[in-house]
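Trainee: After the structure tokens below, expect a handful of questions from me.
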Amino acid sequence: MRFNVNQQDLQQALNYCQGIIEKRSTLQILSNVLLDVNNTHLTITATDLDLIFIHKIKNIEIIEEGKTTTTSSIMYDIVRKFNSGNKINLSLSATNKLQLESEKSIFNLNCISSSEFPLTDENFNDNEFSLNSKSLLKLLNKCKFSVSNDETRHYLSGIYFHQTEVENKHYLTAVATDSHRMSISKIRLDQKINFDPIILPKKTVYQLVSLLDNYEGNVKISNLKSKIKFELDNSILISKLIDGKFPNYIQVIPKNNQKKLEIDLKLFLGSVDRVASVSLDKKDGVKFKMTKDSLNLSVNNTNSGDGNETLSVTFEHDLEISFNSRYLIDVASQLDGKKIEIFFNDTGSPALIKDPGDYDSIYVVMPMKG
């Protein structure tokens, strides 16, 4: 195996692999990437057995085809320290070492035979549909912060994707909740798709976000019973799905929240962030004290002190309620409009947050006691 590749192309591919590979894997082969050179391209594969990432680098200069595996983190560390955009020559020696050469540097890395690398081959093409990459990225970004970190309720540790229908229009809807807050976002589909509801694991969500961040184009999606495949131009991500039943989230959406607070989004975000500064771990509640067209925000921490700000808002009622500041900042940071609309019922009931810039996304945040 001998070939030449551009430093930036290889660095970018190995960078994605870092997110897939588990740092503390007991199987050494899982710390490795599979390098397969044939047919004018290099295919790089990384897996943690739940997630498989496959990336093609095209138009490389091949002197001799072949394949091997080597430690991903070491190779990545070396490649990113080479001068940007330079040519790297790679070759597999008779002693089964992978040589990387660029300018005056030569490295020889230990390899494990490619035959030991776990690969699965499944036929996904039964029910495939395409989504615009930015639409899919929107769903992921608007829901990812509400995913639960609670290991005991594994069915909440991902984003629930399912197809919904409203007035003969079809949507792909995404929902995430950690039982303190909930995000719901949907995108319009051109037509009904063949798609069973799934729960996409948190790790997959974050890998997909980093792939889609730099990608313009469509994503082909197909799912089997327990796996899903996302296909981009040069990358494929295959993930196991979470086995479990997502709770009936519709029941949680407040129906009687008639008290509407409307406020400039930047003003609100800045104010909550500032007031929360006195709370070191951001666990203290931000207290909302609302009267007609006025909102007083305050945080009181017994160890460090207190802070408060008063803002001009549009509001017609008197109400006091407290929220976790982190939850409010997470939601507000994802809104598209110039304003934020928060609908209340009473002190003990969840608030409903809407985005005038995107009525296809809503958020529910539980108040804090006291």
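Trainee: LEU156: net charge of surrounding residues, Cβ under 12 Å, Lys/Arg +1, Asp/Glu -1, itself excluded?
Mentor: +1
Trainee: Along the charge dipole of the stretch 5-164, pointing to its positive end and built from +1/-1 on Cβ of Lys, Arg, Asp and Glu, which listed residue (VAL147, PHE124, THR45) has its Cα farthest out?
Mentor: VAL147
Trainee: Roughly what angle does helix 265-275 make with the longest principal axis of the chain, taking Cα atoms, 0 to 90 degrees, to the nearest 10?
Mentor: 90
Trainee: Roughly how large, in nm² to one decimal, is the mean projection of the convex hull of the alpha-carbon atoms in the stretch 14-77?
Mentor: 4.4
Trainee: Then there is this: Based on the Kirkwood radius over alpha-carbon pairs, what is the Stokes-Einstein translational diffusion coefficient of the stretch 2-116 at 37 °C with 0.692 mPa s viscosity, in µm²/s?
Mentor: Rounded, D is 234 µm²/s.
Trainee: Dipole size in debye (nearest 20) for the stretch 2-116 around its Cα centre, Lys and Arg Cβ +1, Asp and Glu Cβ -1?
Mentor: Taking the Cα centre of the stretch 2-116 as origin, the dipole is about 260 debye.
Trainee: What angle do you read, to the nearest 10 degrees and between 0 and 90, between the alpha-carbon axis of helix 7-20 and the longest principal axis of the chain?
Mentor: Taking Cα atoms only, the helix is inclined about 60 degrees.
Trainee: Using alpha-carbon pairs under 8 Å, 6+ residues apart, how would you state the relative contact order of the stretch 128-251 in percent?
Mentor: It comes to 28 percent, rounded to a whole number.
Trainee: So, counting K/R as plus one and D/E as minus one, what does the shell of residues with Cβ under 12 Å around SER349 add up to?
Mentor: It works out to a net charge of +1.
Trainee: Among the listed pairs LYS58/LYS138; LYS227/LYS283; LYS227/LYS369; LYS169/LYS220; LYS23/LYS144; LYS87/LYS142, which have their C-alpha atoms separated by more than 32 angstrom in this model?
Mentor: Listed pairs above 32 Å: LYS227/LYS283; LYS227/LYS369; LYS87/LYS142.
Trainee: Which order results if HIS162, HIS317 are arranged by neighbouring Cβ count within 10 Å, fewest first?
Mentor: Going from least to most buried by this count: HIS317, HIS162.
Trainee: With charges set only on the Cβ (+1 for Lys and Arg, -1 for Asp and Glu), what does the dipole of the chain come to about its Cα centre, in debye to the nearest 20?
Mentor: So the dipole magnitude of the chain works out to roughly 340 debye.
Trainee: Can you give the translational diffusion coefficient of the chain in µm²/s, computed by Stokes-Einstein from the Kirkwood radius over Cα pairs at 25 °C and 0.890 mPa s?
Mentor: Reported coefficient: 105 µm²/s.
Trainee: Moving on to the next point. Please determine, in degrees from 0 to 90 and to the nearest 10, the orientation of helix 133-143 with respect to the longest principal axis defined by the Cα atoms of the chain, where the helix direction is its Cα long axis.
Mentor: 50
Trainee: Mean shadow of the stretch 254-365, computed from the convex hull of its alpha carbons, in nm²?
Mentor: Its Cα hull, projected and averaged over all orientations, spans 6.3 nm².
Trainee: To continue, here is another question. Take the chain, connect every pair of alpha-carbon atoms lying under 10 Å apart with a spring to form a Gaussian network, then pick out the residue of LYS220, LYS104, LYS134 with the largest mean-square fluctuation.
Mentor: Between LYS220, LYS104, LYS134, it is LYS104 that shows the largest mean-square fluctuation.
Trainee: Tell me, what is the percent relative contact order of the chain, built from C-alpha pairs under 8 Å that lie six or more residues apart?
Mentor: Averaging sequence separation for qualifying contacts and normalising by length gives 13 percent for the chain.
Trainee: Follow-up. Leaving out same-chain residues fewer than 8 places away, which aspartates and glutamates sit with a Cα under 14 Å from that of LYS354?
Mentor: Qualifying aspartates and glutamates at Cα under 14 Å: GLU262, ASP264, ASP330, ASP336, GLU341.
Trainee: Please give every one of the aspartates and glutamates within straight-line cross-link reach of LYS240, meaning a C-alpha to C-alpha distance under 20 Å, and leave out same-chain neighbours fewer than 8 residues apart.
Mentor: Cross-link targets: GLU22, ASP48, ASP50, ASP121, GLU122, ASP126, GLU128, ASP150, GLU151, ASP196, GLU231.
Read-outs throughout are calculated quantities, based only on the coordinates presented, and are distinct from any laboratory measurement. Only a predicted model underlies this, so the values are computations on that prediction, with no experimental measurement involved. Note that each Cβ is placed from the backbone with ideal geometry, even for glycine, and that neighbours are counted across all protein chains shown.
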